[in-house]
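Colleague: One structure follows; several queries about it will come next.
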Amino acid sequence: MANHVLDITNEHCPMTFVKTKLKLAQIAEGDTLEVLLTEGEPLNNLPKSAKEQGYQVLSVTHVEGPVHKVIIQK
Amino acid sequence: MYDFTEEELNRYSRHILLKDVGVEGQERIRAAKVLIVGAGGLGAPVAMYLAAAGIGKIGIVDGDVVDLSNLQRQIIHTTPDVGRYKVESAKETIQAINPSVEVVTHRDFLMANNALDIISDYDFVVDGTDNFPVKFLINDACVMAGKPFSHGGILRFEGQTFTYVPGSACYRCTFDGPPPAGAVPTCSQAGVLGAIAGMLGTIQAAETLKYFTGVGELLTNKLLTFNAKTMDFRKINLKRHDRCPLCGKNPTVTHLIDYEQATCDLASHKASNK
């Protein structure tokens, strides 16, 4: 099982989740996706949206400054 | 796999966000090839929504030219298009909405001698025609070719539609054959509220997108009817019949038929072909 990284710190809603969904579609079942995003709307919405659509959110951690890391399992 | 450009991700973002569509569904929409028979009241919204949705290839069959009286409902055509071939005008609008859609124009009427050939290039057929002979022709050709299609019809304030997939009830399971020429008026004789073309056409477009994405339940074995006067919508169960002259056990309809059309329809077609 591989881990993938996606940086959406420069994206705005809803493209944050659109790009996350694209990446999730591209990776294999069981793989994890590490999403780097900023606080505010992306951090508030993305883990919630991912859960709503059936993905497992493994962790949400602060990286530095406004940047956070969300790990999602497909 | 799932190679979408930045522009595509943005354009289709509202589809991709949907759990039931997603990137996978949008990919299936992009790979889809849809034939729309008739670039009129129903074909207009169908073509426009399917183009906007990013259907990969849209074919349009119509031999007619745009008439001023079409513009009350055929919103794919505009005033400067009067006199132009409908397929050309429709193609222009589709490409203005979404340049990535491949548009194939069939500047012809669907007939027994060209129907199977034309539909063979497509995955799904949408009936946007205004007369019974062609509705039966589309049904027969699609059933024979094992091709799914959306039936649609409107008149005055009413509309009806169902979706066929191989194995479900076909038009002839319920209706033996077209009514005698002239027995039932067409839109051009009886009139139609323009907006109901949009109501029914968008239902057909939604069914098409549901077919490709696999979302929800199609209107198979169900005839959806509505009356815009009361805004009553009804779903009537349709049954596949073993006695169906087309898809039953002992079919009597074994080849495509050009049924007679009401003479005024033929006259108007001839006139517009000049």
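Colleague: Which one is nearest to B:L223 (Cα to Cα), of the residues in the stretch B:120-165 that are open to solvent by 10 Å² or more (accessible area, probe 1.4 Å) and among the charged types (D, E, K, R)?
Modeller: Once the filter is applied, the top-ranked residue is B:E158.
Colleague: Shifting gears a bit: Out of B:I60, B:I76, B:I94, which single residue is of a type in the set (V, I, T), under 21 Å from B:A205 (Cβ atoms), part of a loop (DSSP other than H, G, I, E, B) and open to solvent by less than 70 Å² (accessible area, probe 1.4 Å)?
Modeller: It is B:I76.
Colleague: For the stretch A:1-11, name all the residues that are within 20 Å of B:R14 (Cβ to Cβ) and either surrounded by fewer than 20 Cβ atoms within 10 Å (Cβ to Cβ) or small (G, A, S) (or both).
Modeller: Answer for the stretch A:1-11, where residues must be within 20 Å of B:R14 (Cβ to Cβ) and either surrounded by fewer than 20 Cβ atoms within 10 Å (Cβ to Cβ) or small (G, A, S) (or both): just A:E11.
Colleague: Considering only the stretch B:78-129, state which residues are of a type in the set (D, E, K, R) and within 14 Å of the chain's Cα centre (by Cα).
Modeller: Hits for the stretch B:78-129 are B:D123, B:D127.
Colleague: When you scan the stretch A:33-58, how many residues do you find that are of a type in the set (S, T, N, Q), open to solvent by 40 Å² or more (accessible area, probe 1.4 Å) and either within 18 Å of A:H4 (Cβ to Cβ) or within 8 Å of the chain's Cα centre (by Cα) (or both)?
Modeller: Total meeting the criteria: 1.
Colleague: Next up: Of everything in the stretch B:166-187 that's part of a helix (DSSP H, G or I) and either without any contact (Cβ under 8 Å) to a residue 24 or more places away in the chain or open to solvent by less than 50 Å² (accessible area, probe 1.4 Å) (or both), which residue is farthest from B:S69 (Cα to Cα)?
Modeller: B:C173
Colleague: So, one more: Which residue pairs have Cβ atoms closer than 6 Å, lie 6 or more positions apart in sequence or on different chains, and pair a first residue in the stretch B:209-222 that is touching a residue at least 40 places away in the same chain (Cβ under 8 Å) with a second residue that is assigned to a loop (DSSP other than H, G, I, E, B) and open to solvent by 30 Å² or more (accessible area, probe 1.4 Å)?
Modeller: Taking only residues 6 or more apart or on different chains, the pairs are B:V215/B:D20; B:T220/B:V165.
Colleague: When you scan the stretch A:1-26, how many residues do you find that are β-branched (V, I, T) and under 16 Å from A:L58 (Cα atoms)?
Modeller: Within the stretch A:1-26, residues that are β-branched (V, I, T) and under 16 Å from A:L58 (Cα atoms) number 2.
Colleague: So, of the residues in the stretch A:12-32 that are open to solvent by less than 40 Å² (accessible area, probe 1.4 Å) and in contact with a Lys or Arg (Cβ under 7 Å, 6 or more places away or on another chain), which turns out to be nearest to the other protein chains (Cβ to nearest Cβ)?
Modeller: Checking each candidate, the answer is A:L24.
Colleague: Okay, next question. Take the residues in the stretch B:1-18 that are more than 8 Å from chain A (Cβ to nearest Cβ) and assigned to a loop (DSSP other than H, G, I, E, B), then tell me which one is least open to solvent (accessible area, probe 1.4 Å).
Modeller: Residue satisfying both the conditions and the ranking: B:Y12.
Colleague: Looking for whichever is free of Cβ contacts under 8 Å to residues at least 60 places away in the same chain, within 17 Å of the chain's Cα centre (by Cα) and away from every other protein chain (no Cβ under 13 Å) here; the options are B:I58, B:I75, B:I36, B:I29. Which one fits?
Modeller: Matching residue, one of B:I58, B:I75, B:I36, B:I29: B:I58.
Colleague: Could you tell me which of the residues B:V66, B:V46, B:V21 is crowded, with 17+ Cβ neighbours inside 10 Å, away from chain A (no Cβ under 14 Å) and over 24 Å from B:N139 (Cα atoms)?
Modeller: Answer to the check: B:V66.
Colleague: Is it true that some residue in the stretch B:23-33 is within 30 Å of B:H255 (Cβ to Cβ) and of a type in the set (D, E, K, R)?
Modeller: Yes, the stretch B:23-33 contains at least one residue that is within 30 Å of B:H255 (Cβ to Cβ) and of a type in the set (D, E, K, R).
The values are calculated or read from the model by the stated rules, or taken from the named source; none is laboratory data. Predicted model only: the values in this text are computed from it and were never measured. Please note: Cβ atoms are built from the backbone with ideal geometry, for glycine as well, and neighbour counts cover all protein chains shown. Calculation scope for accessible area: heavy atoms of the full protein, side chains included, ligands and nucleic acids excluded. Shrake-Rupley method; radii C 1.70, N 1.55, O 1.52, S 1.80 Å.
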